[in-house]
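To keep things clear, I will list the structure first and then write my remarks on it.
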Number of protein chains: 2
Amino acid sequence: MKKLLYVLLSIYLPVAVSTLSPCPAAAQGDPLPSWNDTAPKKNIIAFVERVTKEGSPDFVPIPERIATFDNDGTLWVESPVYTQVAFASDRVKELAPQHPEWKTQQPFKGILEGDMKAVVATGEKGIYQLVVATSTGMTEEEFEQSVSTWIAQAQDRKFKRHYNELVYQPMTELLTYLRNNGFKTFIVSGGEVGFMRPWAEKAYGIPSEQVVGSTMKTELETRDGKPVIMRLPQISFVDDGPGKPVGIDTFIGRRPILAFGNSDGDQQMLEWTAAGVGQRMMLLIHHTDADREYAYDRTSSVGKLDKALDEANAKGWTVVNMKDDWKHVFAFQP
Amino acid sequence: MKKLLYVLLSIYLPVAVSTLSPCPAAAQGDPLPSWNDTAPKKNIIAFVERVTKEGSPDFVPIPERIATFDNDGTLWVESPVYTQVAFASDRVKELAPQHPEWKTQQPFKGILEGDMKAVVATGEKGIYQLVVATSTGMTEEEFEQSVSTWIAQAQDRKFKRHYNELVYQPMTELLTYLRNNGFKTFIVSGGEVGFMRPWAEKAYGIPSEQVVGSTMKTELETRDGKPVIMRLPQISFVDDGPGKPVGIDTFIGRRPILAFGNSDGDQQMLEWTAAGVGQRMMLLIHHTDADREYAYDRTSSVGKLDKALDEANAKGWTVVNMKDDWKHVFAFQP
């Protein structure tokens with residue numbers, strides 16, 4: 001949960017209004033129409049053609065065509081703050097009437113007064129309290145309902161859009177292209193699975209059973225004579241950094257042949273993917289587009305990309321330069 | 001791991017040679033040719049037709065057609081001892097030359113001398129030591145190799161067959177029938193995932209990412225400069241009894257519409273399935289066939305079926321009487 005601590009710093013930062021970019025009509029038959037014809041697109045298509053060509057030494061059988069994608073900053077926007085943190089902040093405000101004690105208790109007091117410095121000063125313990133207060137002590141179905149309601153209503157401050165509209169169009173095209181070529185696509189995110197599953201299928205075509213993420217401890221209880229799954233106030237697994245290969249191994253049980261991330265939190269997932277036998281493809285998004293999205297990397301408090309960028313350059317992993325390699329970023333950009 | 005303790009009692013019990021049963025040719029177009037035309041088969045086909053009929057009020061969209069199956073005693077043989085316990089016993093014998101101390105230490109001494117009473121006397125702690133000694137302290141890939149090697153060589157004592165031949169033919173037909181009707185089939189077993197994944201795809205057509213089970217704690221380490229997943233000597237999740245709904249929620253994230261088990265360890269999975277909205281089907285196998293397989297239920301130390309059988313009868317869940325409802329049990333029975 002360290003990530004959450006640092007990114008709270010950047011909540012509510014003033015952001016520039018985005019410049020709209022032109023989006024030419026897709027070339028007929030082009031599986032990746034929102035990608036420019038630069039190296040990343042060529043690498044991706046060449047890789048997919050290699051591993052799907054029957055009889056070729058590089059051929060990979062369909063069941064082994066596992067592709068894993070980070071979520072925040074890889075499939076949707078993570079700046080200026082991870083969406084799950086925005087959700088937690090809104091939930092604190094919503095739940096505040098039932099918690100009069102929050103008016104005087106940090107980190108809740110800070111959230112309610114918009115004093116993010118005070119929130120951050122509470123450290124990891126405070127962030128932990130925030131997550132516990134907003135996403136546990138309820139059933140999975142109750143939490144799912146609260147996420148679904150929020151995602152349908154809340155708006156991002158820069159683009160004035162619902163968060164599930166802030167998915168990257170080139171990435172949803174890539175997910176579809178891979179699935180059309182026999183790949184099974186998975187999310188492998190530091191975010192909590194209960195926060196992603198309610199909207200991931202609609203946004204990405206990725207069903208809940210292919211969403212791997214951090215998890216809260218849960219248990220079976222009986223309520224009104226019916227069994228329910230309760231979310232307990234304890235994080236049981238952190239699916240970030242070295243946790244990502246562990247999460248993939250536990251939930252998927254196979255090593256991916258393609259892994260796509262955007263930050264140092266994805267480095268071990270890409271290293272583990274690369275260490276497999278046979279054809280492998282490792283990719284990173286480099287956020288270089290301050291106009292259409294955001295530009296950040298080595299010193300960012302959210303989605304820091306530093307060591308993984310060096311490793312990508314040293315090892316020849318594919319780095320997608322958002323500004324140069326994508327024709328447009330969002331579906332709503334004309 | 002309580003199960004393991006009790007079932008060790010029954011290792012190496014003398015068993016009767018099975019009587020072969022006739023297996024008439026499948027009726028053309030019959031999706032379940034190894035099932036007799038009794039109530040369970042009729043219930044299953046009626047259920048599948050209801051939930052797949054577009055426009056019907058009972059229609060269930062494909063992504064929600066989740067079917068979960070227990071493994072031991074539901075998809076393959078679990079008597080006279082869970083196969084994973086047979087594996088652990090064989091591994092102890094195999095590893096014994098590297099562990100001279102085992103000659104004098106229980107539960108290893110008992111395994112090596114065939115003195116199962118002594119093994120059982122070590123209690124849960126002993127069983128824990130057995131599992132740790134035979135399946136941790138190695139990488140996932142090393143363990144997978146040891147399971148694959150064992151499953152290709154070891155033979156059951158009653159049928160003189162490899163364990164992966166002891167899958168129930170009516171159940172593999174049912175898995176195929178469900179998949180042909182848009183269902184996604186999952187294993188949800190008390191067994192450890194690392195023990196099931198190496199052979200489940202070949203035996204059942206269920207890929208590793210659809211195998212939910214008990215898990216050992218793992219971590220990412222570097223060995224010879226390469227990342228590996230190490231299996232640590234700690235059980236991190238027990239996917240049995242109340243753990244099954246928790247495992248389904250964590251790994252799959254949706255409630256099944258069909259759940260199939262055979263013991264009290266499956267009771268909560270069936271209850272949780274039944275508690276969902278809309279069409280649901282809950283099934284239990286009742287092992288009633290001492291000739292073709294085994295007969296056991298309320299007082300068995302392995303696969304005990306007592307409370308769940310009462311609940312099935314009270315609530316109208318489908319109970320499959322192996323002797324009466326299956327034309328034959330195994331593919332190798334002519």
- [ ] Would you point out which residue out of A:K327, A:K307, A:K315 is surrounded by fewer than 21 Cβ atoms within 10 Å (Cβ to Cβ), touching a residue at least 24 places away in the same chain (Cβ under 8 Å) and in contact with a Cys (Cβ under 9 Å, 6 or more places away or on another chain)?
- [x] A:K327
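Does A:E173 meet the test of being in contact with a strand residue (DSSP E or B) (Cβ under 9 Å, 6 or more places away or on another chain), part of a helix (DSSP H, G or I), farther than 22 Å from A:L305 by Cβ and within 13 Å of chain B (Cβ to nearest Cβ)?
no
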Task: Exclusive hit being modelled with pLDDT of 95 or more and aliphatic (A, V, I, L, M), set A:V119, A:V85, A:V131, A:V77 - done: A:V77
TODO: Being part of a loop (DSSP other than H, G, I, E, B) and not aliphatic (A, V, I, L, M) narrows it down to one of B:G182, B:G191, B:G213, so name that one.
DONE: B:G182
Open item on the list: Looking at (1) in contact with a helix residue (DSSP H, G or I) (Cβ under 7 Å, 6 or more places away or on another chain); (2) without any contact (Cβ under 8 Å) to a residue 40 or more places away in the chain; (3) facing another protein chain (nearest Cβ under 9 Å), which one does B:S236 not meet, given that it meets all the others?
Closed with: (1)
Open item on the list: I'm told A:K217 meets every condition in (1) within 25 Å of A:L284 (Cα to Cα); (2) of a type in the set (D, E, K, R); (3) more than 17 Å from the chain's Cα centre (by Cα) except one. Can you identify the failing condition by its number?
Closed with: (1)
Task: Scope region B:269-288; condition within 14 Å of chain A (Cβ to nearest Cβ) and without any contact (Cβ under 8 Å) to a residue 40 or more places away in the chain; matching residues - done: B:W272, B:A275, B:G276, B:V277, B:R280, B:M282
TODO: Identify the residue in region B:197-210 that is in a helix (DSSP H, G or I) and at the interface with chain A (Cβ under 9 Å from one of its Cβ atoms) and, among all such residues, is nearest to B:E144 (Cα to Cα).
DONE: B:R197
Task: Long-range neighbours under 8 Å by Cβ, at least six apart or interchain, first residue aromatic (F, W, Y) within region B:56-72, second part of a loop (DSSP other than H, G, I, E, B) and surrounded by 12 or more Cβ atoms within 10 Å (Cβ to Cβ) - done: B:F59/B:K53; B:F69/B:L75
TODO: Please work out if B:F143 is in contact with a strand residue (DSSP E or B) (Cβ under 8 Å, 6 or more places away or on another chain), in a loop (DSSP other than H, G, I, E, B) and either in contact (Cβ under 8 Å) with a residue 12 or more places away in the chain or closer than 17 Å to B:S214 by Cα (or both).
DONE: no
TODO: Working only within region B:249-268, note down all residues that are closer than 25 Å to B:V131 by Cα and either more than 9 Å from every other protein chain (Cβ to nearest Cβ) or of a type outside the set (A, V, I, L, M, F, W, C) (or both).
DONE: B:T250, B:G261, B:N262, B:S263, B:D264, B:G265, B:D266
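The values are calculated or read from the model by the stated rules, or taken from the named source; none is laboratory data. Values in this document were obtained by computation on a predicted structure and should not be read as measured data. All Cβ positions, even for glycine, are placed from backbone atoms using ideal geometry, and neighbour counts span all protein chains on display.
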